[in-house]
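Data first, discussion second: the structure below is written as structure tokens.
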Amino acid sequence: MAIALVACSGGREKSTTRYQPPAIPEVKCSIDPRRLGEVEKIRDFGNGRGCGVRNAWRVYSLQGVKMSQPVVLNCAMVNAFATWIANTMQPAAEDRFGEAVTSLDVPSAYACRPRNNVRGAKLSEHGHGNAVDVSVFRLQSGRKVEVEQGWFGSRKERRFLASVREDACGLFKTVLGPGSDRYHKNHLHFDLQRHRNGGSYCR
């Protein structure tokens, strides 16, 4: 009977393997985001295709700095972003401009898309709320420091942008911006992707 069944199927077994989307990583953080700014805990979510956020928060401001739009990040990213704002960005702004940053233009945080929006590429860290992009720093005086223009702008702007980018390396696991590739010429990208060597990738 077994032989007959094999013969009927042509001697080949049908594969039952189905595509399994990447798992949404578990996220832990050391500080409750409610201690860091105006934030809202939201329900964890996933779309069944690998995108989604564990320990998800909607962020309106951090360390007194407003976001240009509410952004969704995971808890660890909220912690890291708040630390960078307080310990790196604000001291650099005070040093270079003599005033603080009051708001940030954030074009992207959570977004379900492949890396650099390239079809067929791996899922972006944005797909797990594990990344944030900053394109403009707005100061108390109303002055704007835009990443794309400021990178080749005044000496103060160049030094400020170089400082906040360079000093982010280590706190974040990936740091990209102008000069790294054509996809990051107009913003700074920060994420917490785990690299195989355990280090950071900064360009």
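Miscellaneous remarks
- Order of HIS187, HIS128 under a 10 Å beta carbon neighbour criterion, fewest first: HIS187, HIS128
- Calculated FRET value between ILE42 and LYS66, using beta carbons and R₀ = 22 Å, to 0.05: 0.70
- If you plug the beta carbon distance of GLN193 and GLU99 into 1/(1 + (r/R0)^6) with R0 = 41 Å, you get a FRET efficiency near 0.80.
- Across the chain, the longest run free of exposed loop sites, meaning chymotrypsin sites (Phe, Trp or Tyr not before Pro) lying outside DSSP classes H, G, I, E and B with no more than 11 other Cβ atoms within 10 Å, spans 20-151.
- ALA86-ARG49 FRET efficiency (beta carbon distance; Förster radius 30 Å; 0.05 resolution): 0.25
- Relative to the dominant Cα principal axis of the chain, helix 155-166 is inclined by about 40°.
- The sum of -39500 (n - 2.57) across all DSSP H runs of n ≥ 4, divided by the residue count of the chain, sets its helix-only mean residue ellipticity at 222 nm to -5500 deg cm²/dmol.
- Amide H partners (placed H, <5 Å) of SER61, local residues excluded: GLU38, MET67
- Net lengthening on full extension, ASP32/SER200 (0.36 nm per residue, minus Cα-Cα): 58.0 nm
Throughout, read-outs are computed from the coordinates displayed, never taken from laboratory work. Everything numeric in this text was worked out from a predicted model, so none of it was measured. Using ideal geometry, Cβ is built from the backbone for each residue, glycine included, and neighbour counts are taken over all protein chains shown.
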